[in-house]
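S.K.: The structure that follows is given in the form of structure tokens.
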Amino acid sequence: MQQETRAFGMRDKVGYMFGDFGNDFTFLFASSFLMVFYTKVMGISSAAVGTLFLVARFIDAFTDITMGRIVDKVKPAKDGRFRPWLRWVAGPVAIASFLMYQTFFIDSSMTVKIIYMYVTYILWGSVCYTAINIPYGSMASAITANPDERTALSTFRSVGATLANMVIGVAAPMIIYTADANGAQVIRNGGQIFPVVAGIFAVCAVACYLICYKCCTERVKIEPQQNAEPVSFGKALGSIISNRAMLGIIGAALFLLLSQLLIMGLNNFVYADYFGDIKALSTFNLLTTVCSLLTATVVGKISARFGKKESATVGVLASAAIYVLLFVIRTHNPWVFMILSTVGFLGLGFFNMVIWANITDVIDDAEVRNGKREDGTIYAVYSFARKVGQALAGGLSGYALAMIGYQETATVQTEEVLGGLYSIATLAPALMFVCVALMLGVVYPLSRKKVAENTAILQKRREQK
């Protein structure tokens with residue numbers, strides 16, 4: 001009882017941080033290196049990998065929303081409505097991630113490789129990751145009802161992702177890549193390093209999930225929606241279109257994730273092939289991590305003064321300007337590219353810090369308008385949109401590499417391919433950042449004033465019950 005009534009504090013924030021730390025040990029590793037593993041180690045074409053990512057997202061249209069309804073309808077356990085899923089699914093999601101990077105069938109036929117790729121990727125992303133990520137994301141609404149405290153949870157969640165990026169983005173390239181006799185960047189040990197790294201990250205993910213489970217407390221009582229009608233993908237899509245707040249934040253999040261994952265995915269090829277300097281990539285990831293951690297110290301104050309929507313819009317527009325500059329100057333110096341792109345990452349990092357608080361604002365707004373609290377369903381729809389962004393990033397990356405003539409088995413690419421690679425890696429994120437700003441500034445209606453009004457309305461309703 002004492003644990004259930006413990007006041008919100010640093011323990012919850014740190015615990016929630018570890019939840020996304022655990023998520024991103026598998027998610028960011030897949031976003032950054034799965035395309036590399038499939039193409040450069042297993043010899044599967046980038047177009048085939050891109051198709052896999054798109055197909056999996058169609059499956060997610062059903063699994064994400066189904067999981068959201070399960071979370072909303074299942075009777076809470078003694079340890080909460082959302083927390084139990086962390087201990088139930090931590091092991092399966094780690095095992096599924098580990099299975100994706102196996103090389104024992106590297107000499108098998110292409111048909112066998114593709115079948116194994118589909119089965120393991122869908123098992124991880126569409127089933128296991130969905131089953132833990134949706135309850136984890138929905139849990140923020142149950143930890144606290146205070147908007148400022150939710151912003152703190154969002155900030156700490158993003159710090160967790162930032163720390164995971166530091167480990168994966170800084171250490172993994174140095175471990176996975178090595179230089180051959182000619183100085184070209186190649187995969188270490190013919191790719192046999194991948195199962196080892198994936199196994200280590202899987203164990204780390206489980207540890208982080210368990211820390212999250214132990215440290216977080218659910219305080220806001222959310223009744224199960226036992227009589228709620230099943231939500232089909234069509235109905236969910238209809239609810240998005242009719243809900244301006246959800247439409248705006250989903251659109252912004254989709255383009256945000258698309259830009260972020262394009263940068264992460266293509267950077268492996270830009271630094272290895274265009275610049276021939278994988279150490280600069282590790283430095284870039286380290287610098288963006290430091291900048292994100294510094295941003296976390298001021299994001300609460302900036303958001304409280306100017307609003308989450310307002311400050312994030314300005315930030316992503318600044319990021320767009322930096323990437324346009326990179327496209328124009330077409331530098332061949334990896335350190336110039338690295339420093340400027342680090343500055344350009346700041347706006348993206350700020351929005352990442354507050355976006356999870358935006359989702360709880362959307363959940364509150366829906367409750368104000370229709371009187372129903374559906375954390376799991378709304379978060380599931382949002383999660384699906386993020387996965388669409390992930391799929392589009394992977395798909396576009398794969399198709400773009402194929403379009404410019406990238407040769408997966410070649411150690412050195414042609415000048416035409418390298419030029420196309422640079423253009424895609426700079427111009428595409430810039431366009432995505434502009435789209436994020438438009439969705440936030442024009443479509444998303446939850447300004448600082450509106451969020452405060454919704455909070456006051458819900459607080460009054462709960463006091464009357």
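The values are calculated or read from the model by the stated rules, or taken from the named source; none is laboratory data. Only a predicted model underlies this, so the values are computations on that prediction, with no experimental measurement involved. Note that we place each Cβ from the backbone using ideal geometry, even for glycine, and neighbour counts take in every protein chain shown. Areas reflect the complete protein model, heavy atoms only, side chains present, ligands, DNA and RNA absent. Shrake-Rupley method; radii C 1.70, N 1.55, O 1.52, S 1.80 Å.
S.K.: What net charge do the residues around residue 22 carry, taking every other residue with its C-beta under 15 Å from that of residue 22, with Lys and Arg at +1 and Asp and Glu at -1? Please list the in-between numbers first.
M.R.: Details: positive: 83, 87, 157, 214; negative: 20, 24.
Net of charged neighbours comes to +2.
S.K.: Can you give me the distance in nm between label points at residue 450 and residue 370, each placed 7 Å from the Cα along the Cα-to-Cβ direction?
M.R.: 1.7
S.K.: Roughly how many nanometres apart are two label points built 7 Å out from the Cα toward the Cβ at residue 407 and residue 458?
M.R.: According to this spin-label approximation, the distance is 5.7 nm.
S.K.: Tell me, what is the per residue accessible area of the chain in Å², probe radius 1.4 Å?
M.R.: Details: 18020 Å² over 465 residues.
For the chain, the solvent-accessible area averages 39 Å² per residue.
S.K.: Ranked from the most accessible area to the least, with a 1.4 Å probe and all protein chains present, what is the order of 82, 18? Walk me through the numbers on the way to the answer.
M.R.: Details: 82 0, 18 45 Å².
Descending order: 18, 82.
S.K.: Further question: Which peptide among 204-217, 128-141, 446-459 comes first, and what is the full order, when sorted by highest mean count of other Cβ atoms within 10 Å?
M.R.: The densest-packed peptide leads the list: 128-141, 204-217, 446-459.
S.K.: Restricting to DSSP loop positions (anything but H, G, I, E, B) with no more than 13 other Cβ atoms inside 10 Å of their own Cβ, which trypsin sites (Lys or Arg not before Pro) remain in segment 1-108? Working shown, then result.
M.R.: Numbers: sites: 6, 11, 13, 40, 57, 69, 73, 78, 81, 87; in loops: 6, 78, 81.
Answer by residue number: 6, 78.
S.K.: Cross-link candidates for residue 214: which aspartates and glutamates have Cα within less than 13 Å, leaving aside residues fewer than 8 places away along the same chain?
M.R.: 4, 12, 79
S.K.: Cα axis of helix 244-269 to longest principal axis of the chain: angle in degrees, 0 to 90, nearest 10?
M.R.: Helix 244-269 and the main axis of the chain meet at about 20 degrees.
S.K.: Nearest 10 degrees is fine. How inclined is helix 278-296 to the longest principal axis of the chain, computing both from alpha carbons?
M.R.: Once rounded, one gets 20 degrees.
S.K.: At a Förster radius of 41 Å, what calculated FRET efficiency corresponds to the Cβ-Cβ distance of residue 443 and residue 55, to the nearest 0.05?
M.R.: 0.90
S.K.: Determine the share of the chain's accessible area contributed by carbon and sulfur atoms, expressed in whole percent, with a 1.4 angstrom probe.
M.R.: Numbers: 12020 of 18020 Å².
Carbon with sulfur: 67 percent of the solvent-accessible area.
S.K.: Another one. Length gain on complete extension for the stretch residue 115 to residue 414, per 0.36 nm per residue less the alpha carbon to alpha carbon distance? Present the calculation step by step, with values, prior to reporting the outcome.
M.R.: Working: separation 299, 0.36 × 299 = 107.64 nm, distance 3.15 nm.
Contour length minus Cα-Cα distance gives 104.5 nm.
S.K.: So if R0 is 56 Å, what FRET efficiency would residue 105 and residue 294 give, r being the distance between their Cβ atoms, rounded to the nearest 0.05? Working shown, then result.
M.R.: Details: r = 44 Å, r/R0 = 0.79.
The value I calculate is 0.80.
S.K.: Rank by packing, highest mean first: peptides 399-405, 22-28, with packing defined as the count of other Cβ atoms within 10 Å averaged across residues. Mind showing how you got there, number by number?
M.R.: Details: 399-405: 17.7, 22-28: 25.7.
Result, highest mean Cβ count within 10 Å first: 22-28, 399-405.
S.K.: If the limit is 32 Å between Cα atoms, which of 13/73; 279/309; 13/309 go over it? Walk me through the numbers on the way to the answer.
M.R.: On the way: 13/73 26 Å; 279/309 36 Å; 13/309 22 Å.
From the list (13/73; 279/309; 13/309), the Cα-Cα distance tops 32 Å for 279/309.
S.K.: What number comes out for the charge environment of residue 316, summing +1 per Lys or Arg and -1 per Asp or Glu over other residues with Cβ under 13 Å away?
M.R.: Values: positive: 308, 309; negative: 310.
In short, +1.
S.K.: If you don't mind, another one. Can you tally the net charge around residue 84? Count Lys and Arg as +1, Asp and Glu as -1, for every other residue whose Cβ sits under 12 Å from the Cβ of residue 84.
M.R.: Values: positive: 75, 78, 81, 83, 87; negative: 79, 218.
Taking every Cβ under 12 Å from that of residue 84, the sum is +3.
S.K.: At R0 = 25 Å, how high is the FRET efficiency between residue 88 and residue 62 if r is their beta carbon distance? Nearest 0.05 is fine. Present the calculation step by step, with values, prior to reporting the outcome.
M.R.: Numbers: r = 21 Å, r/R0 = 0.82.
Efficiency for this residue pair is about 0.75.
S.K.: Among [x] 24.4; [y] 27.7; [z] 20.5, only one was calculated for this model; which label is it, if the read-out is mean projected area of the Cα convex hull in nm²?
M.R.: Only one option fits the structure, namely [z].
S.K.: Here's a follow-up. Sorted from largest down, give the three principal axis spans of the alpha carbons of segment 1-151, whole angstrom values.
M.R.: Projected onto the principal axes, the Cα atoms of segment 1-151 cover 58, 29, 25 Å.
S.K.: Now for a different question. Ranked highest first by the average count of other Cβ atoms within 10 Å around their residues, in what order do 109-122, 305-318, 184-197 fall?
M.R.: Numbers: 109-122: 15.0, 305-318: 20.7, 184-197: 17.0.
Result, highest mean first: 305-318, 184-197, 109-122.
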